[in-house]
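Q: Could you have a look at this structure, given as C-alpha cells, before my questions?
None of the figures in this text is laboratory data; all of them are computed from the coordinates on show. Remember, it's a predicted structure, so these values are computed and weren't measured experimentally. Counting neighbours? That spans all protein chains shown, and the Cβs are built from the backbone with ideal geometry, glycine included.
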Amino acid sequence: MSSPRTGRRGRAPVLKAYGILVFLFLYFPMVIVVLFSFSPTRTIVGLSGLTLKWYQELFRDPALLTAFWHTILIGLAAVAIATVFGTAGAFFISRVEFPGKGVFRALVMLPFLLPGIIMGLTLLIFFRNLGVQLSAFTILMGHVSFTTPLVMFQVTSRLSRMGPTYRWAAMDLGATPFQTLIHVTLPMIRTALIGAGLLAFTVSFDEIVISYFLTGTWMTLPVYIYGMLRFGLSPKVYAISTIIVILSLVLIIFMAKYTGRSAETYRVRKKQG
Amino acid sequence: MARRVSSPREFLKGVPITVWMLALVVVPLAFTFVMSFYTSSGLMIDQTLSLANYKLFFTDPLYSRILFKSMRLALAISVLSIGAAFPLAYLVSFKIQRGRNLLFMLCIIPLWVSYLVRIIAWRTILGNRGVINSALLALGIIREPITVFLYNQFAIAITLTYICIPFVFIPVYTALEKIPRNLIDASNDLGANEVRTFVNVILPLALPGLVTGFIFSFIIALGDYIIPLQLGGTEGIMFGNLVWSQFGFAFNWPFGAALGFILFIIAVVILGVTARFGTTEGGFLGE
C-alpha cells in the first residue's frame, strides 16, 4: 500500500508557501549584502547602475589584504593540526574500549557544544596565566580547539560505517597493521578526511567569537572587519562580505562533494572496478 | 554485551587527542575555575581565594536580572527557530520528491556562510537608513526613518533566530529522515488522517531532534555576545556582553571568570539533562 503515501506527497500548499517564506528569510539578507556591494550609492532603493569601485578599494587597503592572508594561514595551519589530532582521536575512540568512554567523548565534544565565549575566555585566561602574549599562536590554538572535534567526528562516523571487516580481511591476507592502515583504511577514509578538512577550513575562515578574545595586534579577517564596523557600514564592508560569501559557497560545494554517502559509494565502487 | 578494556598498547592511539583535550579544554577550564576565586583590585589581581565574585553575582540583583533577561530572550529565539525550521524540515523530508538533496543543502548553507556577514546583513536591513526604513519611506508609509528596528531586543532576537535556524533544521531533519515510511502508511491504512498521523506518529518520533535543536539554539543564543554588541544597544545588554565586558573595558578578569564559569555550568546542566532525550551530536558531527 504505497499509493496513499505517494498520493499525499506533493500537496500541502500552505506548508509550501510557508517554506518559501522561510527560504526568503534565509536568503534575503545575503542578497542584500551582495546588492549593496555593487551599488554606487549607499541605498538600493533607486539603485542606479552597478559599480566595481568598492572592490578596487579593497585592493588599496594593505591592512585588509594582510588580514585576509592571515586568515588563510590560520585556516590551513588549524586544518593541518586538527586533521592529525582529530584522525588519531577518531581511531582511538572507535577502536579502543575503556570505562568512561562516554565522558571522554563528551569532553572532546565540549568545544563544539559550548558557547564560543566560554572557549574564548578560558583560553585567554590560560594563555595569560602562562605568560603567552596574544599573537598568531594564541589565535591558532583557539582554532585548533574547535576544528579538532569537527574532524574527529566526521572521521569517526566514516570509520563506524566502514566496519572492521575490510581491516580484518587485509590482516587475514597477511598485511601488517601499518600496511593495512596505508593501503586499506586511509584510502577508504580519504574523502571523509578531505570533507572534514574543508569543513574545518570553512569554519575557521569565518570564526570571530573565540578569535576576538585571543587577538592582539595580529588580526584575522573577521576581526579586522569587526574593527571596520566601528566606523559604520561602508560599501567596502559589503564588498569584502560578498567575497567571503562567495568563497564560503565554493568551499561548501566542494565539501558536499566529499562528505556524505555519495562520496563513499563512489570510492568503494572505484576500488572494485 | 560486557564492555572489554583494550590492551595497554592500544591506548597509545589516544595520546594526541588526550594532549589536545588537556591543553585546550580541561586545563583552561581549570585555570578559569581557579581565577573565579581571585579578586580584582584596580589593575592588579589579588590571588587570595575568596567567594566574593560569586557572592556579588548572587546578591546584586543587577546580574541575575540580566541572566534571566538573556534566558527569556534565548527561550523566545529557540521557539522562533523551531517555528521556522520544523515546518521546513517536515516539508523537505515528507513533501518533496525531486530535488530533496538540493533543498537540504539550501537549508543548511546559511550555517556555513560567515556569521559576521550575516550580522552585517541584519544591521543593513534594520538600520535607521536601512532596507526596511528605505522601503517604508519610498512607499510613503513613513516620513522619517523610524528607529524601532535596531538597538533593542527585537534586533537581537531576529538576528539570532536567523543564525539558529540551520542548527535546529539539521537535527530535526535527521530525526524525520529516520522515521520508517511504512509507519506513515500503516497509520494511513488504519484510518488516521494527515493531522492525526502527524500528531501521533511523526511528532513523537521527531522529538529527540526537536529537543536537540532547541538546546542548540538556546545555548547559542544565551552565550552570544557579538550580536548583542552589534545590534542590541543599551537596551539589549545580555549575559554574553556582561561576561565580555569584564575582559574588555571593565577589566575585571576574576569576575569575568566567575560569570563564564556560571555560564559553563548552565550549559553543561542543560546538555546533561537533555542528553537523555536527544542526541547531542544531532547529525552535525556525523556525515
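Q: Need one value for A:82-89: mean number of C-beta atoms belonging to other chains within 10 Å of its residues' C-beta atoms.
A: 4
Q: Right, something else. Quick one: which of B:206-212, A:132-138, B:141-147, A:113-119 comes out on top by average Cβ neighbours within 10 Å, and what's the full order, highest first?
A: Details: B:206-212: 22.0, A:132-138: 15.4, B:141-147: 11.3, A:113-119: 24.4.
Going by the mean number of other Cβ atoms within 10 Å, highest first, we get A:113-119, B:206-212, A:132-138, B:141-147.
Q: Just to confirm a number: summing +1 for Lys and Arg and -1 for Asp and Glu over residues other than residue A:209 whose beta-carbon lies under 15 angstrom from that of residue A:209, what do you get? Before the final figure, lay out the partial values.
A: Details: positive: B:118; negative: A:206, A:207, B:224.
Here the count lands on -2.
Q: How big is the dipole moment of region B:146-230 about its Cα centre under a simple scheme where the beta carbon of each Lys and Arg is +1, that of each Asp and Glu is -1, and everything else is neutral? Debye, nearest 20, please. Don't skip to the end; give the middle numbers.
A: Details: 3 positive and 5 negative charges, 17 e Å.
The dipole of region B:146-230 has a size of about 80 debye.
Q: Turning to a different aspect of this structure: What FRET efficiency do you get for residue B:249 and residue A:179 if R0 is 45 Å and r is their Cβ-Cβ distance, rounded to the nearest 0.05? Intermediate values should be presented prior to the final figure.
A: Details: r = 59 Å, r/R0 = 1.32.
Rounded to the nearest 0.05, the efficiency is 0.15.
Q: Same structure, new question: With label points built 7 Å along Cα→Cβ from the Cα atoms of residue A:166 and residue B:192, find their separation and express it in nm.
A: 4.0
Q: Still on this structure, I have one more. Would you mind listing how long region B:136-199 runs along its three principal axes, going by Cα atoms, in whole Å with the largest first?
A: Extents along the principal axes, in whole Å: 60, 26, 18.
Q: Report the FRET efficiency, 1/(1 + (r/R0)^6), for residue B:95 and residue B:48, where r is their Cβ-Cβ distance and R0 is 56 Å, rounded to 0.05. Intermediate values should be presented prior to the final figure.
A: Values: r = 64 Å, r/R0 = 1.14.
That gives a FRET efficiency of 0.30.
Q: Loop only by DSSP, 10 or fewer other Cβ within 10 Å of the Cβ. Give me the trypsin sites (Lys or Arg not before Pro) in region A:11-93 that pass, ordered by residue number. Intermediate values should be presented prior to the final figure.
A: Working: sites: A:11, A:16, A:42, A:53, A:60; in loops: A:11, A:42, A:60.
Here the trypsin sites (Lys or Arg not before Pro) that fit, given the DSSP loop and packing criteria, are A:60.
Q: Taking the C-alpha atoms of region B:33-95, how large are the radius of gyration and the largest Cα-Cα span, Dmax, in Å?
A: 20.8, 63
Q: Oh, and also: What is the fewest-to-most order of A:150, B:190 by other Cβ atoms lying within 10 Å of their Cβ?
A: Numbers: A:150 23, B:190 9.
Sorted ascending by nearby Cβ count, the order is B:190, A:150.
Q: Oh, and also: Compute the longest continuous run of chain B that contains no exposed chymotrypsin sites (Phe, Trp or Tyr not before Pro); treat a site as exposed when its DSSP state is not H, G, I, E or B and it has at most 15 other Cβ atoms within 10 Å.
A: Within chain B, the longest run free of exposed chymotrypsin sites (Phe, Trp or Tyr not before Pro) spans B:1-248.
Q: Across the Cα atoms of region A:44-184, what radius of gyration and what greatest pairwise Cα-Cα distance (Dmax) are found, in Å?
A: 22.0, 74
Q: Here's another thing I want to ask about it. By how many nm would the segment from residue B:106 to residue B:154 grow when fully extended, if each residue of separation counts as 0.36 nm and the alpha-carbon distance is taken off? Please report the intermediate quantities before stating the final value.
A: Numbers: separation 48, 0.36 × 48 = 17.28 nm, distance 2.59 nm.
Length gained, residue B:106 through residue B:154: 14.7 nm.
Q: Here's something else I'd like to know. Over its Cα atoms, what ratio of radius of gyration to 2.2 N^0.38 Å does region B:49-274 give? Spell out each step's value before the answer.
A: Details: Rg = 21.1 Å, N = 226, 2.2 N^0.38 = 17.3 Å.
Cα Rg divided by the expected 2.2 N^0.38 Å: 1.22.
Q: Pulled fully out, how much extra length does the chain show between residue A:254 and residue A:51, if you take 0.36 nm times their separation in residues and subtract their Cα-Cα distance? Working shown, then result.
A: Numbers: separation 203, 0.36 × 203 = 73.08 nm, distance 2.96 nm.
Computed gain between residue A:254 and residue A:51 is 70.1 nm.
Q: Let me ask something else about it. Shielding of A:186-193 by partners, i.e. mean partner chain Cβ atoms within 10 Å per residue? Walk me through the numbers on the way to the answer.
A: Values: counts 0, 0, 0, 0, 0, 1, 1, 0.
Per residue, the average neighbour count from other chains is 0.
Q: In what sequence do A:143, A:70 fall when counting other Cβ within 10 Å, fewest first?
A: Working: A:143 28, A:70 18.
With the fewest neighbours first, A:143, A:70 line up as A:70, A:143.
Q: Helix by helix, which DSSP H runs in chain B go 20 Å or more along their axis at the Cα atoms and have an average Kyte-Doolittle hydropathy of -1.0 or more? Walk me through the numbers on the way to the answer.
A: On the way: long enough: B:61-90 (43 Å, 1.16); B:153-178 (37 Å, 1.38); B:203-223 (29 Å, 2.04); B:253-274 (31 Å, 2.34).
Helices passing the filter in chain B: B:61-90, B:153-178, B:203-223, B:253-274.
Q: Quick check: pseudo-label points 7 Å beyond the Cα along Cα→Cβ at residue A:98 and residue B:11, how many nm apart are they?
A: According to this spin-label approximation, the distance is 0.5 nm.
Q: Rg(Cα) of the protein assembly as shown divided by 2.2 N^0.38 Å?
A: Normalised by 2.2 N^0.38 Å, the Cα Rg of the protein assembly as shown equals 1.02.
Q: Another question, then. Given contacts defined as C-alpha pairs under 8 Å and at least six residues apart, what's the relative contact order of chain B, whole-number percent? All intermediate terms of the calculation are to be shown ahead of the outcome.
A: On the way: 318 pairs, mean separation 73.5, N = 287.
Normalised by residue count, the contact order of chain B is 26 percent.
Q: In what sequence, highest mean first, do A:171-178, A:62-69 appear when ranked by Cβ atoms within 10 angstrom?
A: Working: A:171-178: 10.6, A:62-69: 14.9.
Peptide ranking by packing, descending: A:62-69, A:171-178.
Q: State, to one decimal in nm, how far the label point of residue A:20 lies from the label point of residue B:33, with both points 7 Å from Cα in the Cβ direction.
A: Rounded to a tenth, the inter-label distance reads 5.5 nm.
Q: Right, something else. Using Cβ counts within 10 Å as a stand-in for footprinting exposure, how do A:207, B:10 rank, fewest first?
A: Details: A:207 26, B:10 15.
Lowest count first: B:10, A:207.
Q: What's the angle, to the nearest 10 degrees (0 to 90), between helix A:62-95's Cα axis and the longest principal axis of chain A?
A: Rounded to the nearest ten degrees, it is 20.
Q: Using Cα-Cα distances under 8 Å and only pairs 6 or more residues apart, what relative contact order does chain A have, in percent? Numbers along the way, then the final one.
A: Working: 259 pairs, mean separation 77.1, N = 273.
In percent, rounded to a whole number, it is 28.
Q: Is there a simple number for the mean count of other chain Cβ atoms within 10 Å of the Cβ of residues in B:32-38, and what is it?
A: Average per residue, whole number: 3.
Q: In Å, what is the Rg of the alpha-carbon atoms in chain A, and how long is Dmax?
A: 23.2, 74
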